[in-house]
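Report on one structure; see the data block that follows.
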Amino acid sequence: METMDKPLETLIVDSILDAIADQRLRAGTKLGEQALSDIFACNRAHVRRALSMLTGWQVVDHLPNRGAYVATPTPQDARDVFQARRAIETTICRNAVRLADAQDLTDLQAHLAAEDAARGQDNRPAAIRLSRGFHILLARIGRNPVLTRYLDELTMRSSLIIGLYAQGHATLCAEDEHANIVAAIAARDERRALSLLDTHLRHIEAGIRFDDALPVTGALSAALRGR
């Protein structure tokens, strides 16, 4: 992971998110302040700020007198998150079809190329991060900062669910799904773009398997080895 010029709290957050995406950190794993302080060779104030950020995104649960743990979303949590995403992203996609300009389309194509590269390298954390980034980019193109802010939180929560409970690449975006949405936006085909987006989100949700037992996390230092 690139570390240059990043605040230490951001490095800690990114390392934890990548470890979840790579299924090295499991739901319910304790994130002890002292253990993280030792791993990242920093004081506990940096760790607390990082955990506070993750708690705000509901990626981490902070339990009184027990500390911080990787959140454990339920099947209903997943249904609620994806229902909310479909509702919000319908408006976002409609706005993007109407407002996307030439630079926006160039940015989308560049993002698709980055996604292709991550898939080609079998880089699961990067693929999940870029998949989330695609939807945030659409929101920015839609030019509604309120919807962008809500989607930012929802996509962070769905990335947690995907990272924890996706089996293999089942819930990673198929390589043509984002590309087809971009093509529909470029063609100003609102009906097709909305249909493709709905199918895309339902495909991701359908790949989540809460009933398959996942192994527990080993040593925290080993789980965060990718930092």
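The values are calculated or read from the model by the stated rules, or taken from the named source; none is laboratory data. Values in this document were obtained by computation on a predicted structure and should not be read as measured data. Using ideal geometry, Cβ is built from the backbone for each residue, glycine included, and neighbour counts are taken over all protein chains shown.
Computed values, structure above
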{"read-out": "Enumerated helices (runs of 4 or more DSSP H) restricted to the range 63-167, each holding at least 3 residues that are touching an Asp or Glu at 6+ places or on another chain (Cβ under 9 Å) and among the small types (Gly, Ala, Ser)", "value": "124-141"}
{"read-out": "Residue 99 vs. criteria in contact with a helix residue (DSSP H, G or I) (Cβ under 7 Å, 6 or more places away or on another chain), among the aliphatic types (A, V, I, L, M), surrounded by fewer than 16 Cβ atoms within 10 Å (Cβ to Cβ) and assigned by TED's automatic domain parsing to the domain that holds residue 179", "value": "yes"}
{"read-out": "Residues of the range 49-85 classified as surrounded by 15 or more Cβ atoms within 10 Å (Cβ to Cβ) and among the charged types (D, E, K, R), total", "value": "4"}
{"read-out": "Close pairs (8 angstrom Cβ cut-off, 6 or more residues apart or separate chains): in the same structural domain as residue 80 (by TED's automatic domain parsing) in the range 143-165, crowded, with 18+ Cβ neighbours inside 10 Å and acidic (Asp, Glu) anywhere", "value": "151/89"}
{"read-out": "Cβ pairs under 6 Å, 6+ apart, first in the range 73-101 and within 19 Å of residue 198 (Cβ to Cβ), second at pLDDT below 95 and not in a helix (DSSP H, G or I)", "value": "78/208"}
